[in-house]
Each structure stands twice: as structure tokens, then as C-alpha cells.
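Here is the structure we will look at, set down as C-alpha cells.
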Amino acid sequence: MVSIFLRSLVYNVLFYALLVFWILIAIPTYLMPPRAFMAVAKAWARSSVWLMRVICNTKVEYRGLEKIPKGPLIVASKHQSMWETFALLQFFDAPLFIYKRELAWIPFFGWYLMKSKMIGVDRGGGVRSLMQMARRAPKEIRSGRQLIIFPEGTRRPVGAPPDYMTGVGQIYVNSGVPCIPVALNSGLFWPRRTFMRYPGTLVVEFLDPLPAGLTRKDFITGIRDAIEDATNRLVEAARQEQAQLFGRVPGSTPAKA
């Protein structure tokens, strides 16, 4: 575990150094079309995933890439870690995120969010803010973008009961586009609220797309069932792999003698 601690420490230092590097590289893109910045953002995502494999021995397997529809799309992903907030964008031509408006105040980083026309939401704005987001998001999606959204709203610990919000359902109904659910097990390798990074095989699985035209209730049920079933399967497989590597799953309570 000492080796994992040191590798995690090194990775985190280099991860943020790499972020600063790409932010500086992206400065000229502020005067270019948004796709120029997105090209740099995708390069950052790929390099960060590569760095985690090299330093932490965390391999990544992407399944179901052939299922991703072209054009305007909603990407509804399980959210266990910070990892998927950057790793998923590399697979889409014009990715769109919804972010906390306070992030726009961060120098350079916030400017890029606005330049790439991401959607800022004032979480203290109540219903009015959410209604503005629900109107703007479908418009951006229909223009040809792919909204990457986390239906549970925040990172959830591995094994926590699912808590899917209805807001993504309203965006889906108003957009009139298909949605691809995404399952993953990233929380076992990049856990929330800790700097530890664990070796093994992180799996992202793109599932069968849901067509446009479902009711909001059927949509929420459809993505929840698909994402949770697949995520549970991926988590169980990863736990077995980690048990073989460590004798137990990292972060779990050791068995008593």
C-alpha cells in the first residue's frame, strides 16, 4: 500500500501540473472558434488518462463505442468520480456540460467554459435557475451538441442507493434527441474525497441508446435500470480483480482473523 500511496501522490502532482500546462497551451484558442479549445481539452483528457495508466497502473477499457449515435445527443452517465468529468469528453464532437456558475470566476478555466458555451447554473437560484437551464440545454443540444450529464446530480459513493433527478428527464423531453446511458466503475480507482488512485481495470460501458419520444417517467426508469444494472456488474468484476491484487478491496474493512 505504501507504493500505491506514493504513486497516487506523484500522479496527483503531475495531474494538476498537466492541467496548468494545457490551460497555458489553450490561451491562443480564446481567439479561435470553440472547436479549437475543445481539441486542447480532449488532448488534456487523453493525456490525463494515459498518465494514470503509466503511474498508477490503472488501465481503462471502453466498451460499446460503436453504439454512440452521431449528431445531437444526451449522454447520461453514472457519476462516481471526478475522472469521468474529463475522460468522457474525448468521444464527442461538440461536448456540452452543465457547470456551477462559480467555476466561471476561475481565471482562464472559467473563461474557457464561457468560450466553449457551456451552461452555467446558479445553484442558489432555485427554480428560476433550473428553468433557464432546462430551456437553454435543449436549444444547444438541437444545434448539434452532445450533452454529457450526470442524472444523479453529484458524485455518489460506490454501492450507494441510486438517486436519479427528474431534471434530465425534462431536458430529454424538450430536446427530442436520443440518449445513450453510460455505466462505469471509476469510483473504485479514483474514489471521491481522497487523493488515492488504485491499480486495476477501470471500465466505461456505453449502453444501448434510448430513442427520442419516451415519456419523462419512462425515460428516467429506462436510464436508471440500464445504468444501475450495468454499473453493478462492472463494480463486482472490479472488486474481484482488486481482491486478487490486494487480498481485499481497497477502502473496505479487513476481515477479522
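Throughout, read-outs are computed from the coordinates displayed, never taken from laboratory work. Predicted model only: the values in this text are computed from it and were never measured. A quick note on method: Cβ atoms are made from the backbone with ideal geometry, for glycine too, and the neighbour counts reach across all protein chains shown.
For K217, the aspartates and glutamates whose Cα comes closer than 16 Å to its Cα, not counting residues fewer than 8 places off in the same chain, are E152, D163, D225.
Residues F92, F109, ranked from the fewest to the most other C-beta atoms within 10 Å, line up as F109, F92.
Overall, the chain carries a charge dipole of about 540 debye about its Cα centre when +1 sits on the Cβ of Lys and Arg and -1 on the Cβ of Asp and Glu, all other atoms neutral. Cross-link partners of K115 among lysines, defined as those whose alpha carbon lies under 19 angstrom from its own and excluding same-chain residues fewer than eight positions apart: K42, K100, K139.
If I require 20 Å or longer along the helix axis, counting alpha carbons, and a Kyte-Doolittle average no lower than 0.5, what helices from the chain are left? Use full DSSP H segments. Within the chain the helices that satisfy the rule are 2-25, 34-56. Computed extension length for R46-T215: 57.2 nm, one decimal, from 0.36 nm per residue of separation with the Cα-Cα distance subtracted. Beta bridges per DSSP, both residues in segment 60-246: antiparallel share near 20 percent. In terms of its C-alpha gyration tensor, segment 140-257 has a prolate overall shape, because the principal axis ratio a/c (a ≥ b ≥ c, square roots of the eigenvalues) is not below 1.5 and a/b outweighs b/c. Using a Cα-Cα cut-off of under 13 Å, which aspartates and glutamates could be cross-linked to K67, ignoring same-chain neighbours fewer than 8 residues away? In chain and number order, the partners are E205, D208. The stretch between F5 and E102 holds 31.7 nm of extra length on full extension. This uses 0.36 nm per residue minus the Cα-Cα distance.
Between the residues F97, F37, A160, the greatest Cα displacement towards the positive end of the dipole of the chain, with unit charges on the Cβ of Lys, Arg, Asp and Glu, is found for F37. For the pair R53 and Q132, label points projected 7 Å from Cα toward Cβ lie 4.2 nm apart. Read through the labelled values [x] 116; [y] 131; [z] 186 and report the label of the one computed as volume of the Cα convex hull per residue in Å³ from the structure. Only one listed value fits the structure, namely [y]. Taken as Cα centroids, segment 184-225 and segment 10-61 sit 22 Å apart, rounded to the nearest whole angstrom.
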